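Down below is the structure, laid out as structure tokens.
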Amino acid sequence: MPIESDISADLMFTADTVATQDPAVAKPAARPPVAATPDAKRESWSLDLVDPVDDVIRRTEETLDFIAEASIAANSVQPLDHYDLTIIVPVYNERQTLPKVLERIDEVMPRSTEVIIVDDGSTDGTSQWLAGLTPRANRTIIRRRCNHGKGSAVRLAIRHSQGNVVAIQDADLEYDPATLLRVVWPILDGNADVVYGSRYLDGGSDPSWLHRFGNWMLTKLSNLMTGLRLTDMETCHKAFDGEMLRSISLKECRFGFEPEITAKIAAKDVRVLEVPTHYDSRGYDEGKKIGWKDAVSALACMWIYRKG
């Protein structure tokens, strides 16, 4: 995909106005000659005394000078050939919430952010809506005919990512992209290689005790096998050093991606940090997709990838 510069440079040039003496204008009465001194200044002239024809020539020359300066400045502006941040948005049947998520990303994220949207075989009009979006240099849209699972969508987007930091954002509005900034910032500042946004560090906002218990159990088992001390292994809000993430071979296609990537980063000598993130839970009647079968699959993945 061609990368174009989205940096708007405000080029400010000021052309110094130089008035020339019109020989046709009558000179004032002669004055006694004054001896020249080394620091004598040139006499200034009023623009009111300039002939209109000469004024046109002067303005033309100034315009040409301005164009020349602008061209030199434009040549010194490099196109945007890399991104500080890549946000991966896996999507499956999120026509109602996806536009709000993308709008929110545009509002809060740095300018040097690329967004990769993977439509994983949606059937609710999401694909048609994405097809109607205006193309942008910093946005890649990948549409699949069949659903392969969130893990598969994330893996595909990782291969296309260019950012120094790669983060994941769901399209269902359970997670606010604004709080994703809290997750990516430690990596951008060089204080971490991997950051998890925990829903439970600040007490949690999940009203379902069954969901909270399930997440606690899976995270506890994951910690026992990886040696990490996480409070929320299953969180969507994860951010990684881009180069490190692209070097990891991933296999899981569904929600087994979470324990797999956790085990594989634990096997590396990297700095893992956990920060609070905000979460608004939704029910299955609102489109929630993860279920008890995914919990069983997560347990199997923990065992399979326990050594990384």
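Structure data summary
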| read-out | value |
| --- | --- |
| Those strands (runs of 3 or more DSSP E) lying entirely in the range 137-243 with at least 3 residues in contact with a strand residue (DSSP E or B) (Cβ under 8 Å, 6 or more places away or on another chain) and in contact (Cβ under 8 Å) with a residue 60 or more places away in the chain | 163-168, 194-198, 238-241 |
| Leading residue by the ranking (least open to solvent (accessible area, probe 1.4 Å)) among those in the range 251-266 that are of a type in the set (A, V, I, L, M, F, W, C) and at pLDDT below 95 | 257 |
| Exclusive hit being open to solvent by 50 Å² or more (accessible area, probe 1.4 Å), among the charged types (D, E, K, R) and under 9 Å from the mean Cα position of the chain (by Cα), set 84, 124 | 84 |
| Residues of the range 163-179 classified as of a type in the set (S, T, N, Q) and either open to solvent by less than 10 Å² (accessible area, probe 1.4 Å) or modelled with pLDDT under 95 (or both), total | 2 |
| Complete set of residues in the range 244-280 that are in a loop (DSSP other than H, G, I, E, B), closer than 25 Å to residue 189 by Cβ and of a type outside the set (Asp, Glu) | 247, 248, 267, 268, 270, 271, 277, 278, 279 |
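The values are calculated or read from the model by the stated rules, or taken from the named source; none is laboratory data. Because the structure is a prediction, the values reported are computed rather than measured. Positions of Cβ are generated from backbone atoms using ideal geometry, with glycine treated the same way; all protein chains shown enter the neighbour counts. Each accessible area value is taken on the protein alone, full model and side chains, heavy atoms only, with ligands, DNA and RNA left out. Shrake-Rupley method; radii C 1.70, N 1.55, O 1.52, S 1.80 Å.
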